[in-house]
1. What chymotrypsin sites (Phe, Trp or Tyr not before Pro) in segment 121-212 are in a loop by DSSP, with at most 15 other Cβ atoms within 10 Å of the Cβ?
2. Please report, in debye to the nearest 20, how large the charge dipole of segment 89-153 is about its Cα centre when each Lys and Arg carries +1 at its beta carbon and each Asp and Glu carries -1 there.
3. Kindly provide log₁₀ I(q)/I(0) values, in the same order as q = 0.09 Å⁻¹, from the Debye equation applied to equal alpha-carbon scatterers of segment 290-444.
4. Report the local net charge at Met503: Lys and Arg +1, Asp and Glu -1, summed over other residues whose C-beta lies under 9 Å from its C-beta.
5. About the Cα centre of segment 336-459, how large is the charge dipole given +1 on each Lys and Arg Cβ and -1 on each Asp and Glu Cβ? Please answer in debye to the nearest 20.
6. To the nearest 10 degrees, how steeply does helix 454-470 sit against the main Cα axis of the chain, on a 0 to 90 scale?
7. Mind scanning Lys45/Lys159; Lys295/Lys353; Lys180/Lys224; Lys252/Lys295 and naming the pairs with a C-alpha gap bigger than 20 Å?
8. Taking only protein heavy atoms into account and a 1.4 Å probe, give the accessible area per residue of the chain in Å².
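The values are calculated or read from the model by the stated rules, or taken from the named source; none is laboratory data. If you're wondering where the values come from, they're calculated on a predicted model, not measured in any experiment. In this analysis, Cβ positions are derived from the backbone assuming ideal geometry, glycine residues included, and neighbour counts consider all displayed protein chains. SASA here: full protein model, heavy atoms, side chains in, ligands and nucleic acids out. Shrake-Rupley method; radii C 1.70, N 1.55, O 1.52, S 1.80 Å.
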Amino acid sequence: MADEGLVSHKRDPIKSSVGNAAAQRRRQHAVTVGKERREALMRTKRLCRVGVSGESDDASLDDSDMMIEEDQSILEARTSSAVEELKLAVAYQGKGVTQKRVNALRELRRFLSRSEYPPVEAALQAGAIPLLIQCLSFGSPDEQLLEAAWCLTNIAAGKPEETKALLPALPLLIAHLGEKSSLHVVEQCAWALGNVAGEGEELRNVLLLQGALPALARMMLPNKRSTVRTAAWALSNLIKGPDPRAATELIKIDGIPDEIVRHLKKGDNELATEVAWVVVYLTALSNVATTILAKSGLVQVLVEILAMSSSLQLLIPVLRSLGNLVAGDTHITNAVLVAGHELTGNAIQALVKCLESEHRILKKEAAWVLSNIAAGSVEHKRLIYSSEAMPLLLNLLSTAAFDIKKEVAYVLGNICVAPAEGSGRPNVIMEHLFNLVRGGCVTGFLDLVRSADVEAARLGLQFIELVLRGMPNGEGLKLVEREDGIDAMERYQFHENEELRSMANELVDSYFGEEYGLDE
């Protein structure tokens, strides 16, 4: 049976008499993960300026010359001429035919590697694709295959309609991923396929139907790091969803879970980063993948990277992967992060390091991971509560950017409640609530109540309910009143959101009704 995938991240288990929040926290759709990163386009499509062999162009064109911006019309005209030369070379059958084709391909590739906006349209209009397909035919010399695949790689890095022009070439590009091809040819073809997969779901589905996934997965098995890195990047584009079937198919391929762990553990930062993004999509989309990877020793490797690495590019997908794993079913979280075990303590300490970072993305992701750990057992809540994370979280609730505050609020809210029995209200963990309130968190939660963000306002109201209900001797009521909390809640008296309106009105009526203050 096909894996149905994961549709939501674990949700805050806080449930109150006025809230009835869902028991599972929203899982962010994997298809939007890359959009949060400044270099999202660079991750999705990549122009190839230097060949996969690591060598630059030939001696007649050095890197600086290749990067010079030319008048676009001149560049387009020269590109069209280069295609005409390739057409003649493909038709030529005389002596030195191979070198003639290679020279013509190289000239075209040089133009397609120039400028931030390569003249792809000019090449397509001149009829480059059929010629490049001919040059990819089996039995051709490696140098010819490499140049042809390189041209196709940069065409695929273009606009959507330009990428789609590669459709006739896809079967050959996939076929050249086979064991009989040289590693340089394999890697360049994988690069081209990665650019095609990065275009969108329609082309990903075509590639999957044509067998690109197992062919790319085989490239994860050797030890040549540049090849594995390119394959991992292409795979992350291919499985990114929203359909979970590709992610499930990938994780079921023999050896892939072990190779993922091995490359993360032993690879350099660039390789580990690409593999970590594969893990992000696997764990965000597939229940099967999440279960397999949770049992593979992956969590320990992710925690070690968090503790040791200073690479922002690597830490982001590693944090997201760890968060996805602990956002799965509760039994997975309890199985891989056993309260009291060294691994769990190390994980929380590594997350504390991220909370201390200057990078806002790391802070937000670390808080999100902690919120899902805090949504687990009472033992997990106590671990976070007694850790160095607490003063950092309280400070972030007051000072951080809004999106970070919201994630921090989930952590603090989860720490204060024990799981409810049935559909009833959660049991308040008094020690945690009392000390958080003493630490000044009510102001931060009331700021969320006052925000225009519905999710944040709901979370703020839920926590205020805990304060009003749980603090002894009416202390919660006085504190909320002193912080202008009544005014904050009364803003929802006629709010368009029925849930927020009901929550706020019931809180005001229940705790600050007509009899409030009469006994003083």
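1. Listed in order of number, the matching sites are Phe138.
2. I would put it at about 240 debye.
3. Computed log10 I(q)/I(0) values: -0.26.
4. -1
5. 240
6. So the helix axis and the longest Cα principal axis differ by about 30 degrees.
7. In this structure, Lys295/Lys353 lie more than 20 Å apart at Cα.
8. 43
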